[in-house]
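The values are calculated or read from the model by the stated rules, or taken from the named source; none is laboratory data. It should be emphasised that the depicted structure is a prediction, and the values quoted were computed from it without experimental measurement. We place every Cβ from the backbone using ideal geometry, glycine too, and count neighbours over all the protein chains shown. Accessible surface areas use protein heavy atoms only, side chains included; no ligands, DNA or RNA. Shrake-Rupley method; radii C 1.70, N 1.55, O 1.52, S 1.80 Å.
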Amino acid sequence: MARTDRISDPWGTRTPYASGEPWPQRVDQYLTAGVTADDVDAWVPSASVLHSNGDGLDIAVKDGRIVGVRGRAGDRVNHGRLDPKDLYGWQANHSPDRLRTPLVRRNGTLVETDWDTAMDRIVTHSRRLLDERGPNSIGFYTSGQLFLEEYYTQCVIAHGAIGTNHVDGNTRLCTATAAEALKESFGCDGQPGSYTDVDHADVIALYGHNVAETQTVLWMRMLDRLAAPNPPAIVCVDPRPTPVVRHAAVHLAPLPGTNVALMNGLLHEILDHDWVDHDYVEAHTVGFDELRKRVAEFPPERVADICGVDANDVRRAGELIGTAERLLSTVLQGFYQSHQATAAAVQVNNIHLVRGMLGRPGCGLLQMNGQPTAENTRECGADGDLAGFRNWANDSHIEELAELWNLDVTTIPHYAPPTHAMQMFRYAEEGSLRMLWVSATNPAVSLPELGRVRRILAQDRLFLVVQDLFLTETAQLADVVLPAAAWAEKTGTFTNADRTVHISDKAIDPPGQARSDFDIFLDYARRMDFRDKDGGPLPSWNTPEEAFEAWKRCSAGRPCDYTALTYDKLRGAGGIQWPCNEEHPDGTERLYADGQFFAAPDYCEAYGKDLITGAPLEPTEYRAMNPFGRAIIKAAEYVPPHEPPSPERPYVLITGRTVYHFHTRTKTGRVPQLQAAAPDVWVEMARADARRAGIAEGDLVEIRTARGCVTATARLTDMRRGVVFLPFHYGYWDGYWDDYRDDGADTHHRAANELTLTDWDPVSKQPIFKTSAASVRRIGTGAGAAPAPTTAASAPCTPGVDDTVGGADALADEQL
Ligand SMILES: Nc1nc2c(c(=O)[nH]1)N[C@H]1C(S)=C(S)[C@@H](COP(=O)(O)OP(=O)(O)OC[C@H]3O[C@@H](n4cnc5c(=O)[nH]c(N)nc54)[C@H](O)[C@@H]3O)O[C@H]1N2
Ligand SMILES: Nc1nc2c(c(=O)[nH]1)N[C@H]1C(S)=C(S)[C@@H](COP(=O)(O)OP(=O)(O)OC[C@H]3O[C@@H](n4cnc5c(=O)[nH]c(N)nc54)[C@H](O)[C@@H]3O)O[C@H]1N2
Ligand SMILES: [Mo]
C-alpha cells in the first residue's frame, strides 16, 4: 500500500505491462480524514461521472453520508484506478450550496417554494403554449450527465407526448461530431474500438485529444505500456504542449483549424506508399477512388505550409501510422470543436478503413466521448437523434417508435431532423421558442458568445426552467429552478466511451427536497396527464428499472442492443459492453470484427451529408452509393478557418480544460483539493510571443476578440507560437457576480466563452470553441505566478513557479 498525493501526481504509480499482457490492477482509494475502510457502513457500486472514461468505483457510505471512494479492481475499464476528480470530486454532493427547495421568480427575484407550486407553473405554462402556439414552442436542452433511464423518459415525453422536434443536449457541444463521423463512415453511431486496444497497439495516434488530463485513467493505461519493453509509438496532433507530447515519437502542432489539411497529408503518405489493405478496401468499402484523387492534392510540403508544421514530421507520422501493425486512434475536441469537425474526424476513420484496421485487438478507433453519459443521450434520442439510433428519414423506423410508445405515427415529428441546440437558441432569440427546459447543463457559461446567450436566456417572453444541483449562472436567469438529486443519490445506468455499461446505485439521500431528474420528468408527465393512444399513461413506467426494461425493448435489434442486460447482471459485473443480447450475452468487445457495418440502407441511422456544406443526402442517393451497406470512405477538401488571425487580432485563441476541473466547476470548484490546484483563470502563451508583447509570467493580460474581453494571468509555456489558450472552467458563481453583466465591449470578464463565436461545423452542428482571432495586451502586474497547474499542459517554461501540490488532505491510497 502506498500513500500518494494525487494532486501533485495525477497519474499515480506505474504498473508496466507488455503488449498482449493483461493490465495489472492497482486499487486507488480516498477516504475522508479520520475514516478507515473498517468504519464504512456500505460500499455502493457506481462509476465516475466527471469524464467519459467510466471508471468503476465503489462509494463508501457512513452514517448516511459519502466518506470516500475506491476503484473497482475487477472493472474492465480501470482495473481499480481512479483519477483526481474521481478521488476527491464526490465532496461536492455534500456542499452547503446544494439547492434544497424549488425556486420560482416573483417580482423579479427567485424565492423558495414547494414542489406543487413550481410544477404548477411549469404545467400551466406548457398547457398554454401547447394550446396557443403548438408543440414547437417548447424545447428541451439536456445533458451528457444524466442517466440512461432519465434520457429515455425525457425523449418519450418530448418526441412522443409533446411532439416537439426541439430536443438536444449539451452533447451538441461535446460529442455531436463523434456521432456524426461514425454515421458518415459506418452508417450508424457506435464506438468501433475498445480500451483493451491499448493493450495490443503498436502505434497510438491521438488527434486533438489531451487524454492525460481528460481521460486520465486511460492515459495511465497508455503510460503503463510506455513503461514496459517494446512500447507503442505515440503520434500526437495538438498545438499545446500536453503531457502526451512529452511521450510522443512524433508531435505535430498544427495551426488550429487546419486539421483536414493535415489528415489529407497523412493519407497522402499512406496512399503514396501504398500502405493500403486493398483486399479490405475492395471487400468492405465504397469511395476509395475519390479519396485517392483528393489526397493527391496534399503532399507534405503543401500541408506543412497550411498547418505550419515540418514536412518531415508529416512524413514521419505518415510512416508510423502507415506501417503500424496494430493502430489505435483516438479523436476529441481539438478536432470536434472546429469548423471542419466532421470532415477531419472522418479522415481518421478513413485511415482505419484503407489500412483494414478495425475489429481486431489493437486495431481500435475511438471517436471519443467527453461526458460520462453522452453515449446514452445519443442512443436514447435526447440529443437530436432518435431513440435506438433510428433514422428520422426512414418512415419504418418512425413506425417502430410509434408502436413502442403506442402512439399514432403522426404525433412523432419527423418532417426534418431534430433541431440542434444552436438552432434552438436561435429560435428562442427570434421568439418562436417560448419555453426552454434546461437540465444538467450550464449554458450561461458553456455556450459560445455568452453576451448573446445571456440576452436570450434573460428575455421576458422566454419561460426558462433550470434543473440543477446548484444555483448556477443559468439558474440565476430562470423562471423556475428545480433542485435535482445528484449522482450517488439516485439509481440508474450509463455507458462510457467504449460502450461499457455500468449501474450506479443510490447510496445516500438527496439534500432537502431535491428529487431525481427521473422523478421530476415523470411527475411532469403525470401532471400533464400525457396518454398513449389507448388512454394509458405515457411514459408507461414508474421506476428507473421499469424504464430500463422499456429501453431494452426499444434497443432490441438495433446496434445498441441492451436486451441481455439487467440491473442484477450489471451489479455483479465489472462493466459490460453493448451490444449485449442473446447472441452476445457477455457483451461485445469490438464492433465490425466481421467487416459488416450498420450501414445497410434499411438499417442505417443516417443517409449521410455532404462533408463541406452539411446538405443531407437523399435516401435514393444513399441507396445508389451504398446498396449493400459497406463502410463509406468520404474524402474532404480543406477549407480555411472562418476567423483567421489578422494584424489587429494576430493570435488564434483556443479553449479547453485542465486535469483538476470539470467544465463550469459547479462540482470541482466546491472541492477543496481540486479548487486549490487551479483556483482562477489564466492564459497560456508561447514564451517568444510573450517576450515580443512585453508579457512576463504572472502579468495581467487582456484577451480580446470581436465578441468581448477577458482578463487573465499569463502563464508562459512551450505552446506553439501564435496560439493562446484559455481554460473555459471559470464562470461567475464563486464571487464574480459583479462581472456577470454587460456594460458594453469594455466590460472585463472571466469566462472564455465571452470571446468565442456563434458558428458551427456544418455537418455535426457542433460549435467552434477552438479558433477565434484574438489580440493580447499586457494591462498590469499580477500577484506572483499564474494560478495554473504546473503538472500538466500548463506547466511553466520559466523558473521560479511553485509546484502544484495537494498536501496532507490529498493523500490517497494505492494498493498494487
Ligand atoms: N479534467 C477534465 N477532464 C474532462 C473534462 C473536464 O472538463 N476536465 N471534460 C470531459 C469532456 S465533456 C470532454 S468533451 C473531454 C474533452 O477532452 P479533450 O478533447 O482532450 O480536451 P480539450 O482541452 O477540450 O481539447 C483537447 C486538445 O485539443 C487541442 N486543440 C485545440 N485546437 C486544435 C486544433 O485545431 N487541432 C488539433 N489537432 N488540436 C487542437 C488543445 O490544445 C487541447 O489540448 O474531456 C472530458 N474529461
Ligand atoms: N470555450 C469552450 N466552451 C466549451 C467547451 C470548450 O472546450 N471550450 N467544451 C464544451 C463541452 S465538450 C461540454 S461537454 C460543455 C459542458 O458544459 P456544461 O454542461 O454547461 O458544463 P457543466 O459545468 O458540466 O454543467 C452541468 C450542470 O449540470 C449539473 N448537474 C450535474 N449532475 C446533475 C444531475 O444529476 N442532475 C441535474 N439536474 N443536474 C446535474 C451541474 O451542477 C452543472 O451545473 O461545455 C462546452 N463548452
Ligand atoms: Mo464535452
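Projecting the Cα positions of Ile234, Val710, Thr588 onto the charge dipole of the chain (unit charges on Cβ atoms of Lys, Arg, Asp and Glu, taken about the Cα centre) puts Val710 furthest along the positive direction.
Wrap a convex hull around the Cα atoms of the stretch 171-242, take a quarter of its surface area, and give that in square nanometres. Could the numbers behind the result be given before it?
Details: hull surface 23.0 nm².
Taking a quarter of the hull surface, the average projection is 5.7 nm².
Residue-normalised convex hull volume from the C-alpha trace of the stretch 218-362: 114 Å³ per residue.
For Arg14 and Ser646 in one chain, what is 0.36 nm times their gap in residues minus the Cα-Cα distance, to one decimal in nm?
On the way: separation 632, 0.36 × 632 = 227.52 nm, distance 4.56 nm.
Stretched fully, the Arg14-Ser646 segment lengthens by 223.0 nm.
Taking amide H as placed 1.01 Å from N in the peptide plane, the amide H of Ala485 sits under 5 Å from that of Arg515, Ser516, Asp517, each at least 5 places away or on another chain. Spatially, the stretch 704-735 and the stretch 146-220 are offset by 27 Å when compared through their Cα centroids. Residues in the stretch 1-39 near a label at Asn230, defined as backbone nitrogen under 20 Å from the 7 Å Cα→Cβ point? Residues 15-24 fall inside that zone. Distance between the pseudo-spin-label points of Phe628 and Asp809 (7 Å out from Cα toward the beta carbon): 6.4 nm. Annotation: per residue accessible area for the chain equals 31 Å², rounded to a whole number [probe 1.4 Å, protein chains only].
Take the Cα radius of gyration of the stretch 423-553 and divide it by 2.2 N^0.38 Å, with N its residue count; two decimals is plenty. The partial results should precede the final answer.
Numbers: Rg = 17.0 Å, N = 131, 2.2 N^0.38 = 14.0 Å.
Output field value: 1.21.
Here the Karplus curve 6.51 cos²θ - 1.76 cosθ + 1.60, taken at θ = phi - 60°, turns the phi angles of the stretch 42-52 into couplings of 8, 10, 10, x, 6, 8, 6, 10, 10, 4, 9 Hz, with x standing for Gly and Pro. For the set Val245, Val701, the ranking by accessible area, highest first and with no ligand, DNA or RNA atoms included, is Val245, Val701 under a 1.4 Å probe. Over all projection directions, the Cα-based convex hull of the stretch 666-803 averages an area of 9.3 nm².
What do you get when you divide the Cα radius of gyration of the stretch 428-475 by 2.2 N^0.38 Å, with N the number of residues?
Numbers: Rg = 10.2 Å, N = 48, 2.2 N^0.38 = 9.6 Å.
My calculation over the Cα atoms of the stretch 428-475 gives 1.07.
Using every pair of separate Cα atoms, the Kirkwood estimate puts the hydrodynamic radius of the stretch 319-466 at 18.7 angstrom. A simple rule links phi to the HN-Hα coupling: the Karplus curve 6.51 cos²θ - 1.76 cosθ + 1.60 with θ = phi - 60°, which for the stretch 450-459 gives 5, x, 5, 4, 4, 4, 5, 6, 8, 4 Hz, with x for Gly and Pro.
The phi torsions of the stretch 218-233, fed into the Karplus equation with coefficients 6.51, -1.76 and 1.60 and a -60° offset, translate into couplings of 5, 5, 4, 4, 5, 4, 5, 5, 5, 8, 10, x, 6, x, x, 8 Hz, rounded to whole numbers, with Gly and Pro shown as x. Asp718 exposes around 110 Å² of accessible area when a 1.4 Å probe is run over every protein chain in place. Per-residue SASA remark: Arg526, around 80 Å² accessible (1.4 Å probe; ligands, DNA and RNA not included).
Using the Kirkwood radius over Cα pairs, work out the Stokes-Einstein diffusion coefficient for the stretch 51-111 at 37 °C and 0.692 mPa s, in µm²/s as a whole number. Approximately 234 µm²/s, per Stokes-Einstein. In this structure the amide hydrogen of Ala228, modeled in the peptide plane, comes within under 5 Å of the amide hydrogens of Tyr17, none closer than 5 places in sequence on its chain.
Figure the gain on full extension for Glu582 and Arg128 (residue separation times 0.36 nm, minus the Cα-Cα span) and round it to one decimal in nm. Intermediate values should be presented prior to the final figure.
Values: separation 454, 0.36 × 454 = 163.44 nm, distance 4.67 nm.
Additional length available on full extension: 158.8 nm.
Of interest is the spacing of the C-alpha centroids, which for the stretch 598-612 and the stretch 617-632 amounts to 7 Å. Using a probe of 1.4 Å on the protein chains alone, the accessible area found for Trp578 is around 0 Å².
Just round it to a whole percent: the fraction of Cα-Cα distances in the stretch 537-656 exceeding 21 Å. Counting pairs separated by more than 21 Å, the tail of P(r) holds 63 percent.
Each residue of the chain gets 145 Å³ once the volume of the Cα convex hull is shared out per residue. Annotation for Glu325 and Val639: the two label points, set 7 Å from Cα along the Cα-Cβ direction, are 4.2 nm apart.
Amide H to amide H, with H built 1.01 Å from N, Asp310 comes under 5 Å of no residue 5 or more places away or on another chain. Name the shape class, rounded, prolate or oblate, that the alpha-carbon gyration tensor gives for the stretch 210-256, where a ≥ b ≥ c are the square roots of its eigenvalues, rounded holds for a/c under 1.5, and otherwise prolate holds if a/b is larger than b/c and oblate otherwise. Oblate. Ordered from largest to smallest accessible area (heavy atoms of protein chains, 1.4 Å probe), the residues Trp737, Trp551, Trp11 come out as Trp737, Trp11, Trp551. For the stretch 97-225, the equivalent ellipsoid derived from the alpha-carbon gyration tensor has semi-axes of 41, 21, 12 Å in decreasing order. Treating r as the C-beta distance of Asp594 and Ala311 and R0 as 25 Å, the FRET efficiency rounds to 0.05. Taken over the alpha carbons of the stretch 754-816 as equal point scatterers, the Debye sum produces base-10 log I(q)/I(0) values at 0.13, 0.21, 0.26, 0.28 Å⁻¹ of -0.72, -1.00, -1.17, -1.21.
Atom-type composition of the exposed protein surface of the chain places 48 percent of the accessible area on carbon and sulfur (1.4 angstrom probe).
With a Förster radius of 25 Å applied to the C-beta separation of Ala556 and Asp395, the computed FRET efficiency comes to 0.80. Taking all protein chains together and a 1.4 Å probe, the residues Arg240, Arg707, Arg455, Arg531 rank Arg455, Arg531, Arg707, Arg240 from largest to smallest accessible area. So between Thr117 and Asp277, what do we pick up on full extension, going 0.36 nm a residue minus the alpha carbon distance? Extra length available between Thr117 and Asp277 comes to 51.1 nm. Label separation (Arg721 vs Arg527): 6.1 nm, computed from points 7 Å beyond Cα along the C-beta direction. Applying D = kT/(6 pi eta Rh) to the stretch 616-662, where Rh is the Kirkwood radius over alpha-carbon pairs, T corresponds to 25 °C and eta to 0.890 mPa s, the Stokes-Einstein value obtained is 155 µm²/s. With N the number of residues in the stretch 484-609, Rg(Cα) / (2.2 N^0.38 Å) evaluates to 1.25.
Applying 1/(1 + (r/R0)^6) with R0 = 30 Å to the Cβ-Cβ distance of Asp602 and Arg452 gives a FRET efficiency near 0.10. For the chain, the relative contact order works out to 20 percent when only alpha carbon pairs closer than 8 Å and six or more residues apart are counted.
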